[in-house]
Amino acid sequence: MGTRKNARDLTATEKTAFVAAVKALKAQAGGRNYDWFVSTHMQYFAVVNSHRYAHQSPSFLPWHRQYLIEFENALKVHNPAVDLPYWDWTVDRTTTSAPWTSDFLGGNGSGGNGPVTTGPFAGSANWRINVSSSTSTSLRRAMGGTLPSAANVSTVLGVSTYDASPWNSSSGSGMRNRMEGWVSPNIHNSVHVWVGGHMALQDSPNDPVFWLHHANIDRLWSQWQTRWGYDSTRYLPGSGTSGVVDLNEVLQPFTGVRPADVLDHRPRYTYA
Amino acid sequence: MTLDRRDLLRYGAASAAAAATAAGASYVTSGATAATPAPDDPRDFDQEYKGKKIKGVHDKGNKKHKVSINGKKLGIMVLQVPVAEDSRETMDVAISALTHYEPFPIDERDKKDGLLKLAKKAVETLGDAELTDLAGDDHDHR
């Protein structure tokens, strides 16, 4: 069982190992390499087979949970000791705090919307962007704006109903749409916008911080489950909802994996 | 002038007449026929912003709005979001391949410049880069 740690608590050795594994996956020829993960996120942001899998739907949380598990397993092929770290943006809220240090993910882009200039992902020679909406082959960031606060998170975790009809971006009640961010207090979306650069694009996994951000979203869902229950009745909808991944429908493209299969993550990993 | 079937479908008769008036003499003297393109949506734009040419064409009927930056297509998706927490009332917002997590409210009244604001933010995000073909992929989020 793995333990996912706060990025600010990683040792120098753990930081080096994570960066090396991410780069090894990037350099991997074929298979589910790093760019496969970028392409898959782009593809499943949209409607696939008349279903919304990854975004604007109840399966936003279980789809990304499985996506992170697949990514973490892909890293472990290169180094079994690596676990995904998370970035708690309610605590580390500046452009120079964890994880933006030169020994880990590097800092802000230059000149507001330019390439990252520090750390192991600076410049296309160190980290080449291959699949993107932008012609920039260097990773970009444009940090600024407003990150969610601890009070915002507390409000969302206090919503006991998982999700609500019509099960998309227009759901006015329920926890999921607040967490995803199509309704106030906008948790997940606002962090993508705050980092800016590639994190603002449909190919946002090009920035390795994507995994740390989504590990934190997954951690918050885990906290919600701890408070309101891990059992399958807490996920909605249960069955019979067209265009939406019900409890026992498959989270494509993850063959055979249903929301019911990922609700209890504790046998596989926990958060420290 | 004549109003073709497309105009009537697009605007309804009354607003089509108003739009034709607003479009001015050049439209009328061009000799409108069934082959003449429908009048521009007043929300459309074609301008330069921070060194890039941005163009936006609204599709009132199907909400399949079109935006290009320096001639390259930027995929646009229109979503509905609640106007407030716990509200069942919704409004249209637009996201794009470049502003994927930042919805811009868009309508024909007080939020009519939503698509222009989106295009400007996309230019700022691009910086000195340009759009790729991937940016033009259509995503149906509805």
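The values are calculated or read from the model by the stated rules, or taken from the named source; none is laboratory data. Since we're looking at a predicted model, the values are computed, not measured. A quick note on method: Cβ atoms are made from the backbone with ideal geometry, for glycine too, and the neighbour counts reach across all protein chains shown. Areas reflect the complete protein model, heavy atoms only, side chains present, ligands, DNA and RNA absent. Shrake-Rupley method; radii C 1.70, N 1.55, O 1.52, S 1.80 Å.
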When you go through A:Gly106, A:Gly119 one by one, which is the residue that is farther than 25 Å from A:Arg65 by Cβ, surrounded by 23 or more Cβ atoms within 10 Å (Cβ to Cβ) and either aromatic (Phe, Trp, Tyr) or more than 14 Å from every other protein chain (Cβ to nearest Cβ) (or both)?
A:Gly106
If B:Thr125 satisfies every condition in (1) of a type outside the set (A, V, I, L, M, F, W, C); (2) outside any helix (DSSP H, G or I); (3) within 12 Å of chain A (Cβ to nearest Cβ) but one, which is the exception?
(2)
Hey, does region B:39-51 have a residue that's modelled with pLDDT of 95 or more and among the hydroxyl-bearing types (Ser, Thr, Tyr)?
yes
Hits in region B:50-87 (condition: within 13 Å of B:Leu116 (Cα to Cα) and either more than 14 Å from chain A (Cβ to nearest Cβ) or among the β-branched types (Val, Ile, Thr) (or both))
B:Lys53, B:Ile54, B:Lys55, B:Gly56, B:Val57, B:His58, B:His65, B:Lys66, B:Val67, B:Ile69, B:Ile76
Return the residue satisfying two criteria in turn: it lies in region B:61-74 and is within 17 Å of B:Lys111 (Cβ to Cβ) and touching a helix residue (DSSP H, G or I) at 6+ places or on another chain (Cβ under 6 Å), and of such residues it is least open to solvent (accessible area, probe 1.4 Å).
B:Val67
Go through region B:88-103 and count every residue that is open to solvent by 30 Å² or more (accessible area, probe 1.4 Å) and either more than 27 Å from A:Val38 (Cβ to Cβ) or more than 10 Å from chain A (Cβ to nearest Cβ) (or both).
5
Of all residues in region A:125-134 being open to solvent by 70 Å² or more (accessible area, probe 1.4 Å) and not charged (D, E, K, R), the one that is nearest to the other protein chains (Cβ to nearest Cβ)
A:Asn130
